[in-house]
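To start, the structure itself, in structure tokens.
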Amino acid sequence: MIFLSIINHHHDQMIIDNKELALISKEYNIVIKSNTKASIALINYTNKYNIQLIDESYGLGFGCNNNYIFSYLQNTKQISNKDYFLVINPDVTITLDELKTLEKNANKTTADIYTIDLYHDIFFTQPELSIKKFPTILGPIIGLISKTTRNDAYNKSKITKPTIIDWAAGSFLLFTKSAYEILNGFDGKYFMYFEDVDICRRAKQKKMHLMYLPNIKAVHKGAFNNRNILSKHFRWYLKSYLRFHFL
């Protein structure tokens, strides 16, 4: 069984408008941790579709929020060792059929973490650079400042079968329950950005495998707020970048 972990930060209407999520809720467990006070509309929506809503402890970082959900599932004895924990952004849309295929693929392989083929558009013509090799010290900063394409991204067009990779974006990461537990979840010292690179690096250090499944697709809208060097998101990005490489 897959448990979906969704962090809501003023995404109430986006979550409500996601028609696929309502269908998924009929067969899978969805837990939403609201990082801002949930609206009445979101509360009514989660009640209608039997989605668990955690509406407390606001202002946490991305990693801490997902760890919060995982601890909640453990404490309420909902998740077992045979289950999966899916970290998925509220702006990612995946169909129920694709999610079922993901679960079947995961059950047939022996990886510890999985990710899929993310696209920017509903027609699957604009692939997202969501799988990458571990970053060099200057690579991410040069890419942000120059706004050029990251040269550390895997070429998805050349990957046609399940493949072990370095790291994948935290917008969609499927963990085995035991893997997330062994890794002790995300490092809460990363408020936002690089927590996905960090957890994938720690997984590799523990000889765990992250597998990219190219046959499963989803759409990730993505805001990419860190590209504006005058924004608070860039400051968060820079702080996490320094922590990852030097601390």
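The values are calculated or read from the model by the stated rules, or taken from the named source; none is laboratory data. Since this is a predicted model, take the numbers as computed values, not measurements. Neighbour counts are summed over all protein chains in view; Cβ atoms, including those assigned to glycine, are modelled from backbone coordinates with ideal geometry. Areas reflect the complete protein model, heavy atoms only, side chains present, ligands, DNA and RNA absent. Shrake-Rupley method; radii C 1.70, N 1.55, O 1.52, S 1.80 Å.
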_Order of exposure, largest accessible area first, which applies to 9, 220 with probe 1.4 Å_ = 9, 220
_Accessible surface ranking that places the most exposed of 19, 204 first, with a 1.4 angstrom probe_ = 19, 204
_Tensor-based shape of the stretch 11-135 (alpha-carbon gyration tensor, a/c under 1.5 rounded, otherwise prolate or oblate)_ = rounded
*What number, in percent, do you get for the relative contact order of the stretch 1-128 if the mean sequence gap of Cα pairs under 8 Å and at least 6 apart is divided by its residue count?*
31 percent
*What whole-number value in Å² describes the accessible area per residue of the stretch 1-159 for a 1.4 Å probe?*
50 Å²
*What is the set of long-range amide H partners of residue 216 at a cut-off below 5 Å, with H atoms built 1.01 Å from backbone N?*
117
*Just read off the accessible area of residue 195 with the full protein assembly in place, 1.4 Å probe, to the nearest 10 Å².*
10 Å²
*asked:* Test of understanding: what is the full-extension gain from residue 206 to residue 178, defined as 0.36 nm times their sequence separation minus their Cα-Cα distance?
replied: 8.8 nm
*Would you please state which residues of the stretch 173-198 a label at residue 164 would reach in this model, taking the label point 7 Å out along Cα→Cβ and a backbone N cut-off of under 17 Å?*
176, 179
_Within the stretch 7-138: Cβ-based charge dipole about Cα centre, in debye rounded to nearest 20 (Lys, Arg +1; Asp, Glu -1)_ = 340 debye
*asked:* Nearest 5 percent is fine: what portion of the DSSP beta bridges confined to the stretch 1-86 is antiparallel?
replied: 0 percent
*Taking all protein chains together and a probe of 1.4 Å, list 70, 134 from the most accessible to the least accessible.*
134, 70
*Rounded, prolate or oblate: which fits the stretch 44-106 when a ≥ b ≥ c are the square roots of the eigenvalues of the alpha-carbon gyration tensor, with rounded for a/c under 1.5 and prolate only if a/b beats b/c?*
prolate
*Ignoring ligands, DNA and RNA, what percent of the 1.4 Å accessible area of the stretch 82-129 is carbon and sulfur?*
52 percent
*So which trypsin sites (Lys or Arg not before Pro) in the stretch 39-97 are both in a DSSP loop and have at most 10 other Cβ atoms within 10 Å of their Cβ?*
77, 82
*Measure up 100/207; 132/204; 19/77; 100/177; 100/189 against 25 Å on the Cα-Cα distance and list the ones that go over.*
100/207; 19/77; 100/189
*Highest average packing first - 52-62, 113-123, Cβ atoms within 10 Å*: 113-123, 52-62
